[in-house]
Amino acid sequence: MTKDKKSAIIETLSSEFKDCNIAICDYKGLNVKQLESFRVAVYSENIKVQVIKNTLASIAFKNVGINDLKLKDTNIFVWGKDQIALAKAITQFATQTDGKFIIKHGFFEGSVVDVKYIDTVSKMPSRDELLGMLLSVWMGPVRYFVTAMDNLRKQKEEN
């Protein structure tokens with residue numbers, strides 16, 4: 001790989017890592033088909049998955065002010081803006097692969113996080129689930145009002 005190509009990759013990664021939550025995972029034992037199915041599954045959530053050389057990733061992290069991440073061995077980088085969707089995607093894939101996909105650590109909301117934090121975030125309701133809950137709360141009084149009016153109508157019809 002030429003120096004120009006490396007610097008182009010570093011620039012691209014730096015711009016993408018700037019506003020994203022990042023998870024670093026180990027993928028030993030997974031085949032290309034499994035990794036590709038994971039990429040396809042998370043594409044709709046605007047989550048990117050890529051194997052990057054540790055030196056290039058380290059330079060990109062330093063460019064955006066992330067200095068605390070330690071990169072060793074084989075790593076696959078998963079990043080996206082929605083931390084809940086990212087955490088759900090990687091924890092779900094980790095459970096499906098029987099220990100071949102291991103979450104190492106990540107960078108969420110400006111700080112380095114461990115596996116326990118990522119697991120906790122993955123159990124939180126997603127944005128769509130929260131909107132559904134909020135809509136249900138808002139519709140409660142209307143639903144009770146309509147039910148009361150319907151019961152009143154039935155009562156008057158009986159009399």
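The values are calculated or read from the model by the stated rules, or taken from the named source; none is laboratory data. In this text, all values refer to a predicted model and were calculated from it rather than measured experimentally. Neighbour counts run over all protein chains shown; Cβ positions are idealised from the backbone, glycine included. Note: areas computed on protein heavy atoms with side chains; ligands, DNA, RNA excluded. Shrake-Rupley method; radii C 1.70, N 1.55, O 1.52, S 1.80 Å.
Mind running the shape call on region 17-97? Use the C-alpha gyration tensor, a ≥ b ≥ c as the square roots of the eigenvalues: rounded below 1.5 for a/c, prolate if a/b tops b/c, oblate otherwise. Could you put the intermediate results ahead of the total?
Numbers: a/c = 2.03, a/b = 1.32, b/c = 1.54.
Oblate shape, in that a/c is at least 1.5 and b/c is the bigger or equal ratio.
Can you tell me the dipole magnitude for region 77-159 around its Cα centre, using point charges on the Cβ only (Lys, Arg +1; Asp, Glu -1), in Debye to the nearest 20?
On the way: 11 positive and 10 negative charges, 4 e Å.
That gives a dipole near 20 debye.
Just to verify a number: what accessible area does Ser136 come out at with the full protein assembly present, 1.4 Å probe, Å² rounded to tens?
The accessible area of Ser136 comes to roughly 60 Å².
With charges only on Cβ, +1 for K and R and -1 for D and E, what is the dipole size of the chain about its Cα centre, in debye, rounded to 20?
Details: 23 positive and 19 negative charges, 86 e Å.
It comes to approximately 420 debye.
Using Cα pairs closer than 8 Å and at least 6 residues apart in sequence, work out the relative contact order for the chain, in percent. Could the numbers behind the result be given before it?
Numbers: 173 pairs, mean separation 44.5, N = 159.
Relative contact order, the chain: 28 percent.
When the chain is fully extended, how far beyond the present Cα-Cα distance does Gln96 get from Leu152, taking 0.36 nm per residue of separation? Display every interim value, and only then the final one.
Details: separation 56, 0.36 × 56 = 20.16 nm, distance 5.33 nm.
Extra length available between Gln96 and Leu152 comes to 14.8 nm.
Just subtract the alpha-carbon distance of Lys53 and Thr120 from 0.36 nm times their residue separation and send over the number in nm, one decimal.
21.3 nm
Asn21's amide H: which non-local residues (gap 5+, or another chain) put their own amide H closer than 5 Å, with H modeled 1.01 Å from N in plane and none for Pro or chain starts?
Gly80, Lys81
If r is the Cβ-Cβ distance from Lys6 to Asp82 and R0 is 22 Å, what FRET efficiency results, to the nearest 0.05? Intermediate results must be reported in sequence, preceding the final value.
On the way: r = 29 Å, r/R0 = 1.34.
Computed FRET efficiency for Lys6 and Asp82: 0.15.
Work out from phi, with θ = phi - 60° and the Karplus expression 6.51 cos²θ - 1.76 cosθ + 1.60, the ³J(HN,Hα) of each residue of region 146-159, listed in order in whole Hz, and give x for Gly and Pro.
With coefficients 6.51, -1.76 and 1.60, one gets 5, 4, 5, 5, 5, 5, 5, 4, 5, 5, 5, 5, 5, 7 Hz.
Among (1) 10.2; (2) 8.7; (3) 13.4, which is the computed mean projected area of the Cα convex hull in nm²?
Calculated mean projected area of the Cα convex hull in nm²: the matching label is (3).
Just going by the charge dipole of the chain, with Lys and Arg at +1 and Asp and Glu at -1 on Cβ, which of Gly106, Ile76, Phe38 is farthest out on the positive end?
After comparing all options, I get Ile76.
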